[in-house]
Amino acid sequence: DLLRRRPDVRRAEQAAAAQSARIGVSEAQLLPSLQLVGRVGLSAEEVGKLFEGRSFAADTGPAIDWPILNYGRLINDVRLQDARFQELLVSYSNTVLTAQAEVEDALVGYLRGSEQVGSLSESVAAATKAVDISLVQYREGATDFTSVLNAQQVKIREEDLLASTRGAVALSVIALNK
C-alpha cells in the first residue's frame, strides 16, 4: 500500500500504460479504414440557372483507405512504440525497486530506532538513579564530588543520545510517509 501511494510509482505506471495504448494505436493504422463520404453542391450549365432547384447535386458513398504501400513504415512505428514501452517497463521496475528500498530502509530505521529509544530510556532512568545515589553518598561524605560530576556527565550523554535517537525515529517516520 505504501508503494502504491507513492507519486513516482504511479507516474511510472501511468506512463507505461499510456505507451501500451500507443502500441494499439500504431497497430490500428495497419488495418483498413472504412468511411462514409458525401458531397453536396450546386451544378448548372449556365450561371443564371445555378440557384434553381434542379441545380442541386449530391453524392454519397463508401471510401476505403488501406495504406498498403506504407506497411513498412507502419510496422516500424509499431516496433518503435513497443521498444519505448519496454523501456518504460524497465523504468517502472527500477522505480518500484527504488521505492521499495526506501520504504524498507525507513521501516528498519523506525523499528530499530524504537528499540533503541526503549533501551536508552532505561539507561537514562538508571543514570538518574546513579546521580541521586552519588549525591546521597557525597552528602554523607562517602565519596568526593568527582563521582557526582561523572554520574551527571553519563546522564547527560545518555539523555543526548536518547534525544538524537528520538529525532532519528521521527525522521524515519517522515521518510516512510514521504
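Report yes if residue 57 is surrounded by 11 or more Cβ atoms within 10 Å (Cβ to Cβ) and either in a helix (DSSP H, G or I) or aromatic (Phe, Trp, Tyr) (or both), otherwise no. Break it down stepwise before answering.
Details: surrounded by 11 or more Cβ atoms within 10 Å (Cβ to Cβ): yes; either in a helix (DSSP H, G or I) or aromatic (Phe, Trp, Tyr) (or both): no.
Judged against the criteria, residue 57 is not a match.
Kindly check whether there is at least one residue in the range 143-151 that is open to solvent by 60 Å² or more (accessible area, probe 1.4 Å), touching a helix residue (DSSP H, G or I) at 6+ places or on another chain (Cβ under 8 Å) and in contact (Cβ under 8 Å) with a residue 24 or more places away in the chain.
Checking the range 143-151: not a single residue is open to solvent by 60 Å² or more (accessible area, probe 1.4 Å), touching a helix residue (DSSP H, G or I) at 6+ places or on another chain (Cβ under 8 Å) and in contact (Cβ under 8 Å) with a residue 24 or more places away in the chain.
Which of the residues that make up the range 152-170 are free of Cβ contacts under 8 Å to residues at least 60 places away in the same chain and open to solvent by less than 40 Å² (accessible area, probe 1.4 Å)? Outline the logic, then answer.
Of the residues in the range 152-170, the ones free of Cβ contacts under 8 Å to residues at least 60 places away in the same chain are 152-168, 170.
Of everything in the range 152-170, those that are free of Cβ contacts under 8 Å to residues at least 60 places away in the same chain and open to solvent by less than 40 Å² (accessible area, probe 1.4 Å) turn out to be 162, 165, 167.
What are the residue pairs meeting all of these: first residue in the range 34-48, first residue under 30 Å from residue 65 (Cα atoms), second residue open to solvent by 100 Å² or more (accessible area, probe 1.4 Å) and among the aliphatic types (A, V, I, L, M), Cβ atoms under 8 Å, and 6 or more apart or on different chains?
Sorted first by the residue in the range 34-48, then by its partner, the pairs are 34/64; 35/64.
Just name the residue that is nearest to the chain's Cα centre (by Cα) out of those in the range 20-33 that are open to solvent by less than 60 Å² (accessible area, probe 1.4 Å) and in contact (Cβ under 8 Å) with a residue 40 or more places away in the chain.
Selected residue: 20.
Quick check on this structure: which one of 107, 80, 120 is farther than 30 Å from residue 9 by Cα and of a type outside the set (D, E, K, R)?
Values: 107 fails: farther than 30 Å from residue 9 by Cα; 80 fails: farther than 30 Å from residue 9 by Cα.
Matching residue, one of 107, 80, 120: 120.
The values are calculated or read from the model by the stated rules, or taken from the named source; none is laboratory data. All values reported here derive from a predicted model rather than from experimental measurement. All Cβ positions, glycine included, derive from the backbone under ideal geometry; neighbour counts span all protein chains shown. Just the protein is used for accessible areas: all its heavy atoms, side chains included, with ligands, DNA and RNA removed. Shrake-Rupley method; radii C 1.70, N 1.55, O 1.52, S 1.80 Å.
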